[in-house]
Amino acid sequence: MDEFILNPLQERWASKRRQGVSASVVKRILVEQKGLCALSNAPMVFDVGECTPHKGGRGCHPLCPAVDHIDPGNRSGGIQIVCYALNDLKGHLPVDCFDALRRSKPWKLLMLRWKQQAEKEPTDRHAFARLLRPNAQPKPHLTTAISTPRRPTRPVLESGHTQPPRQRISK
């Protein structure tokens, strides 16, 4: 069997110490996982432009890799490389709850759909958000909200009406 070889983007990502884990260990684990997420078996996105949040812009792509401490707080608990959004989800749950969830049929179905989406259309960030929160309303992109000037609000009087705009006095 041939050993998995990292592509240049994977190699670059694995070349840095992450979450207190040496670059050599990160690289070894990424090779063992064949560049796939340990939770979903989905291909991950290693593009620095997609994985670096920008102020006022989009956050990390859901498929960006993240170092996951399998048992947080346990130094010998081991690590794995997982999709950023799945690591975030896992991080909001106690370890025993996540372990129970991971054995459940709905979790296995979610991971299957996650992998299918990653293989079919990895650039559709909203599709990944809908998988994790199917009833949530999509948030407008932050840059459109920033570029739209806000109308100044007028003070509300005790009567509940707004104060009329000030009249400009011309000299």
_PRO53 - would you say it is in contact (Cβ under 8 Å) with a residue 12 or more places away in the chain and either of a type outside the set (A, V, I, L, M) or in contact with a helix residue (DSSP H, G or I) (Cβ under 7 Å, 6 or more places away or on another chain) (or both)?_
no
_Restricting to the stretch 65-106, name every residue that is closer than 18 Å to VAL25 by Cα and buried (at least 18 other Cβ atoms within 10 Å of the Cβ)._
PRO65, ALA66, VAL67, ASP68, HIS69, ILE79, ILE81, VAL82, CYS83
*Could you tell me whether the stretch 27-41 includes any residue that is in a loop (DSSP other than H, G, I, E, B) and farther than 23 Å from LYS115 by Cα?*
no
*Among (1) crowded, with 18+ Cβ neighbours inside 10 Å; (2) part of a loop (DSSP other than H, G, I, E, B) - the single one GLY56 does not satisfy*: (1)
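Bear in mind these aren't lab numbers, they're just calculated from the coordinates by the rules spelled out. Computed from a predicted structure; not experimentally measured. Ideal geometry is used to build each Cβ from the backbone, glycine not excepted, and the neighbour counts take in all protein chains shown.
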